[in-house]
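Just below is one structure, and these are the notes that go with it.
The values are calculated or read from the model by the stated rules, or taken from the named source; none is laboratory data. Just so it is clear, the structure is predicted and the values come from calculations on it, not from any experiment. Backbone-built Cβ (ideal geometry, glycine too); neighbour counts: all protein chains shown.
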Amino acid sequence: MTPKIARYLAEQQPATPCLVVDVDHVAARYAALSDALPLAHIYYAVKANPAPQILERLVSLGSSFDAASIGEIRQCVAAGATPDRISFGNTVKKVSSIREAFALGIDLFVFDSVEELYKLADHAPGARVFCRLAVENAGADWPLSRKFGTTLKHAHELMLMARDLGLDPYGLSFHVGSQQTQTDAYEAAIARVAMLHTDLKNDGIDVRMVNLGGGFPVRYNSDVPDIDDFGLAIGQAMTRHFGNDLPQMLVEPGRYLVAEAGVVSTEVVLVSRRGGKETDPRWVYLDIGRFSGLAETEGEAIRYTFRTDHDGEPTGETIVAGPSCDGVDIMYEKRRVELPLALKSGERIELLTTGAYVSTYCSTGFNGFAPLSEHYI
Ligand SMILES: *Cc1c(COP(=O)(O)O)cnc(C)c1O
């Protein structure tokens with residue numbers, strides 16, 4: 001938690017549940033990533049946190065944007081991003097969205113299938129397009145490989161088709177999975193892209209851009225490699241495989257830029273052992289849950305760190321759940337959380353590293369619970 005957030009929470013005591021984001025920290029992360037990957041253009045993955053305060057700050061720092069929908073594109077434009085700095089990075093797009101984006105001047109679109117290519121040829125004629133490859137997502141806590149990307153072989157066919165359809169077969173992309181904790185995931189993916197780059201060159205297609213996606217990890221409750229380690233691994237792999245023929249590099253960080261800038265403040269609603277015995281499991285119910293922002297606790301994949309006023313005191317195994325009347329609204333049960341035994345209802349506790357994939361994963365009023373409020377400071 002940054003000192004600015006700690007001070008804000010202490011002085012303002014904003015109503016819970018709320019998310020407090022230190023926008024200066026986002027700027028610091030942007031600088032660290034630029035230093036680690038000086039040759040890469042940064043396209044912030046808007047879905048991680050689309051707050052205007054974040055988008056505006058990133059615009060002022062010179063960032064570009066990876067948008068997944070026409071709604072995100074409009075948010076980027078409203079924050080001052082020019083169309084040449086926006087990539088329409090979802091392989092699944094409505095025709096009406098493609099048309100609107102193209103009319104706005106956006107000229108960079110992803111695809112991973114024949115049908116999407118036809119849609120782009122019809123509704124964004126002549127646009128620069130890039131093909132997404134499916135790559136290994138091992139090492140990622142939040143994988144994406146099942147839903148997106150195609151094979152090397154089909155990507156080759158699609159890139160030739162893109163040219164024949166009058167589009168500009170501009171680049172190739174991949175995503176190694178979110179919260180990717182292994183630097184060699186990027187190296188393996190770059191090797192695949194480089195093979196296709198060479199094959200396409202033999203067919204007269206010059207791939208000028210490689211989009212390395214996002215995935216850069218943050219510290220939840222275990223250590224992860226430093227961003228400089230990723231920068232080094234990526235730089236070395238690019239040089240090894242592309243030599244002097246280095247294409248333009250794009251990265252699409254989401255989590256890395258915003259997660260550590262955010263803290264959720266929540267109230268303990270109930271602490272109980274429902275069988276009445278000391279040996280019964282201890283449950284802590286918070287006023288935030290799976291439906292009010294903590295969607296990434298699905299499968300207990302992302303494990304947030306809790307900060308309480310009793311830190312350092314004796315703890316016990318705890319099941320942590322949300323406030324709603326839904327039986328799946330449980331964050332951590334299989335792997336329990338060590339929380340202080342002194343914790344009582346009415347107390348506030350904080351969930352650290354919650355600036356990414358929390359605010360907009362919030363339902364609008366399930367079970368009558370108001371959405372998470374947000375404070376950007
Ligand atoms: C979600 C997403 C990202 C951001 O991923 P992070 O792991 O948050 O960095 C980048 N690119 C695409 C295409 C995405 O879908």
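When every residue of segment 363-370 is checked against the conditions, none turns out to be more than 16 Å from the ligand (Cβ to nearest atom), over 30 Å from Gln53 (Cα atoms), surrounded by fewer than 19 Cβ atoms within 10 Å (Cβ to Cβ) and touching a residue at least 60 places away in the same chain (Cβ under 8 Å). Here Gly149, Gly139 are screened, and the one residue that is closer than 20 Å to Arg208 by Cα and either aliphatic (A, V, I, L, M) or within 14 Å of the ligand (Cβ to nearest atom) (or both) is Gly149. Within segment 21-50, the set of residues being surrounded by 23 or more Cβ atoms within 10 Å (Cβ to Cβ) and within 24 Å of Lys94 (Cα to Cα) comprises Tyr43, Tyr44, Ala45, Val46, Ala48, Asn49.
Checking each residue of segment 303-312 against the condition of being within 26 Å of Leu33 (Cα to Cα), in a helix (DSSP H, G or I) and modelled with pLDDT of 95 or more gives no match.
Taking every residue in segment 68-95 that is at positive phi and pairing it with any residue that is among the small types (Gly, Ala, Ser) and part of a helix (DSSP H, G or I), at least 6 positions away or on another chain, the pairs with Cβ-Cβ distances below 9 Å are Gly80/Ser60.
One residue stands out among those in segment 305-331 that are buried (at least 20 other Cβ atoms within 10 Å of the Cβ) and farther than 19 Å from Phe369 by Cβ: the one that is farthest from the chain's Cα centre (by Cα), which is Thr318.
The sole residue among Val135, Val129 that is touching a residue at least 12 places away in the same chain (Cβ under 8 Å) and assigned to a strand (DSSP E or B) is Val129. The set of residues from segment 188-215 being away from the ligand (no atom under 16 Å from the Cβ), in a loop (DSSP other than H, G, I, E, B) and within 23 Å of Gly231 (Cα to Cα) comprises Val207, Arg208. Is it true that Val224 is farther than 24 Å from Arg99 by Cα, among the β-branched types (Val, Ile, Thr), away from the ligand (no atom under 13 Å from the Cβ) and buried (at least 17 other Cβ atoms within 10 Å of the Cβ)? It is false that Val224 is farther than 24 Å from Arg99 by Cα, among the β-branched types (Val, Ile, Thr), away from the ligand (no atom under 13 Å from the Cβ) and buried (at least 17 other Cβ atoms within 10 Å of the Cβ). Taken together, the residues in segment 229-264 that are over 25 Å from Asp199 (Cα atoms), in contact with a His (Cβ under 9 Å, 6 or more places away or on another chain) and part of a strand (DSSP E or B) amount to 1. Has segment 154-175 got any residue that is surrounded by fewer than 19 Cβ atoms within 10 Å (Cβ to Cβ), within 16 Å of the ligand (Cβ to nearest atom) and under 28 Å from Arg29 (Cα atoms)? Checking segment 154-175: not a single residue is surrounded by fewer than 19 Cβ atoms within 10 Å (Cβ to Cβ), within 16 Å of the ligand (Cβ to nearest atom) and under 28 Å from Arg29 (Cα atoms). For segment 108-117, check the following and say yes or no: at least one residue is closer than 26 Å to Thr360 by Cβ, within 14 Å of the ligand (Cβ to nearest atom), part of a loop (DSSP other than H, G, I, E, B) and without any contact (Cβ under 8 Å) to a residue 60 or more places away in the chain. For segment 108-117, residues closer than 26 Å to Thr360 by Cβ, within 14 Å of the ligand (Cβ to nearest atom), part of a loop (DSSP other than H, G, I, E, B) and without any contact (Cβ under 8 Å) to a residue 60 or more places away in the chain: present.
Of the residues making up segment 46-95, those that are within 11 Å of the ligand (Cβ to nearest atom), within 18 Å of Asp22 (Cβ to Cβ) and not polar (S, T, N, Q) number 1. The set of residues in segment 111-148 being within 30 Å of Val224 (Cβ to Cβ) and touching a Cys at 6+ places or on another chain (Cβ under 9 Å) consists of Asp112 alone.
Summed over segment 138-158, residues that are assigned to a strand (DSSP E or B) and over 20 Å from the mean Cα position of the chain (by Cα) total 1.
In a residue-by-residue description of segment 28-46, the property of being hydroxyl-bearing (Ser, Thr, Tyr), assigned to a helix (DSSP H, G or I) and within 29 Å of Gly235 (Cβ to Cβ) applies to at least one position. The listed residues are Glu296, Glu317, Glu300, Glu333, and the only one of them that is over 25 Å from Gly139 (Cβ atoms) and charged (D, E, K, R) turns out to be Glu317. Against the numbered list (1) in contact (Cβ under 8 Å) with a residue 24 or more places away in the chain; (2) in the same structural domain as Val92 (by TED's automatic domain parsing); (3) within 16 Å of the ligand (Cβ to nearest atom), Ala36 comes up short only at (2). Of the residues making up segment 276-296, just one is surrounded by fewer than 22 Cβ atoms within 10 Å (Cβ to Cβ), modelled with pLDDT of 95 or more and of a type in the set (Gly, Ala, Ser), namely Ala295.
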